[in-house]
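Structure record follows, encoded as structure tokens.
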Amino acid sequence: MKSILVTGIGGGVGQGILRNLRALGLQNPIIGTNVERVSAGNHLCDAVYEVPFAYDDTYVDSIAQIVDDNDVGLVLPSTDYEVYHLALGRDRLGAPVAASDARVSRFCLDKLANFETFNRHGIEFARSVLPSAYAGEFERVVVKPREGRGSRNIHIDPVDPTAFGDDYVVQEYLDGPELTTAFYVRQDGQLHGSITMSRALEHGNTSSAQVEFAYDAQMDALLRQLVQTFDFRGSANVQSRVVDRGVVPFEINCRISGTNSIRSQLGFADVKYAVQELLLGQEPDAPAVIVGSAIRIMHDVVYPGLALDEIRDRRDEFRIF
């Protein structure tokens, strides 16, 4: 029986993917990888491997070896850089990768390239410039890393936006409610569906979320424009704000995003869709989004009698409290 490999199991996205896989009740072994051998995802995996960072020259080969050793039938990357590098090296892996074309995932990594690429195709995106080129054209600004992940190192209305290096980007500040929209594109290139939620963040992570239907028509038009223009496949996520001129995206993540464990319980199971299409050869279930909300809480995985360096995987004795 083919295994399923999930990368980045120490992060919230990877842990959500693992919980979704376990909830499917599959008999397929689940293999986890992470840059640290022991993390919060070990207890959900049948085997765990420590791997280099995605930008390391040996990363793709290390994943390819794990795929070969464990008869992996599907790779589910959970971090932006892993999506890009695994998409770039997918011919060397010997298993399908749940990722868009590497060219798409590459420009999605860079917020300036994202703006410039969308702008060339007439697709709305928050206006963005390099700090060295900023000339005071925005009434309010947010300065953030060009390739930052999560809401980290963000500066709203700094005194001098030009003081930052060009590894940052100056973006117009969009003053309005924030939305997160996950969408799924089938392997035939057709938009399968989407779910939009409002959310609150704590330290860059979703702390609560609520399904929103009021913006479905605007988001559907935007997503169809994206899908017709670029080779998106599988899961992706658009973050946007609602302003006077409409719903304006300011970031896009070309991967399964962090609310995957929430939205699967509210009618949009994109991890399941990927498994159905890429591993089982089935048509993905139709989304059936419902009214609902969620609040994130913290749990502990406790290993009685084990030191941290003795933790392996779900074969260990553990309890969740």
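Quick note: the coordinates plus some simple rules give every number you see, no bench work behind them. Everything quoted here is computed from the prediction, not taken from an experiment. As a convention, Cβ positions derive from the backbone with ideal geometry for all residues, glycine included, and neighbour counts pool all protein chains shown.
The fraction of Cα-Cα pairs per 5 angstrom bin, counted from 0 for region 3-99, comes to 3, 16, 29, 28, 19, 6, 1, 0 percent, rounded to whole percents. Placing a label point 7 Å from the Cα of Ala200 along the Cα-to-Cβ direction, the residues of region 289-321 with a backbone N closer than 17 Å are 292-298. In a reduced charge model with +1 at each Lys and Arg Cβ and -1 at each Asp and Glu Cβ, region 127-172 shows a dipole moment near 240 debye about its Cα centre.
What ranking, highest mean first, results for peptides 9-19, 279-289, 100-110 when packing means the other Cβ atoms within 10 Å averaged over each residue? Before the final figure, lay out each step's value.
Working: 9-19: 23.9, 279-289: 14.0, 100-110: 19.4.
Output ranking for 9-19, 279-289, 100-110: 9-19, 100-110, 279-289.
Quote the Stokes-Einstein diffusion coefficient, in whole µm² s⁻¹, for region 79-172, based on the Kirkwood radius over alpha carbon pairs, a temperature of 4 °C and a viscosity of 1.567 mPa s. D, rounded to a whole number, is 89 µm²/s. Annotation: peptides 221-233, 255-267, 308-320, ranked by per-residue average of other Cβ atoms within 10 Å with the highest first, follow the order 255-267, 221-233, 308-320. Note on the chain: with a GNM built from Cα contacts shorter than 10 Å, the maximum mean-square fluctuation among Asp80, Asp216, Asp160 falls on Asp160.
In a simple Cβ point-charge model (Lys, Arg +1; Asp, Glu -1; nothing else charged), the chain has a dipole of about 580 debye relative to its Cα centre. When all alpha carbon pairs of region 190-251 are counted in 10 Å bins from zero, the resulting P(r) reads 18, 52, 28, 2 %. Distance from the C-alpha centroid of region 42-93 to that of region 196-259: 27 Å, rounded to the whole angstrom. Among the cysteines of the chain, those with no neighbouring cysteine Cβ under 4.7 Å are Cys45.
Sort out for me the Cα centre separation of region 275-317 from region 98-146, rounded to whole Å. If we compute the Cα centre of each part, the gap is 33 Å. Using a 10 angstrom cutoff on alpha carbons, build the Gaussian network for the chain and name the most mobile of Asp69, Asp61, Asp91. It is Asp69. Dipole size in debye (nearest 20) for region 3-99 around its Cα centre, Lys and Arg Cβ +1, Asp and Glu Cβ -1? That gives region 3-99 a dipole magnitude of about 420 debye. The share of Cα pairs per 5 Å bin across region 95-141, counted from zero up to the longest distance, runs 5, 18, 21, 21, 15, 8, 6, 3, 2, 1 percent. Taking other C-beta atoms within 10 angstrom as a stand-in for reagent exposure, Met197, Met298 fall in the order Met298, Met197, fewest first. Count neighbours as other Cβ atoms within 10 Å of each site's Cβ, and list the GluC sites (Glu not before Pro) in region 78-170 that are DSSP loop with at most 14 such neighbours. Loop-located and lightly packed - Glu137, Glu139.
Comparing His192, His203, His121 in a Gaussian network model of the chain (Cα springs below 10 Å), the most mobile by mean-square fluctuation is His203. Each residue of region 304-310 was assigned a 3J(HN,Hα) from its phi angle through the Karplus expression (A = 6.51, B = -1.76, C = 1.60, θ = phi - 60°), giving x, x, 10, 7, 4, 6, 9 Hz with x at Gly and Pro. A dipole drawn for region 1-155 from +1 and -1 charges on Cβ atoms has a positive end, and of Pro145, Leu93, Ala47 the residue lying farthest that way is Pro145.
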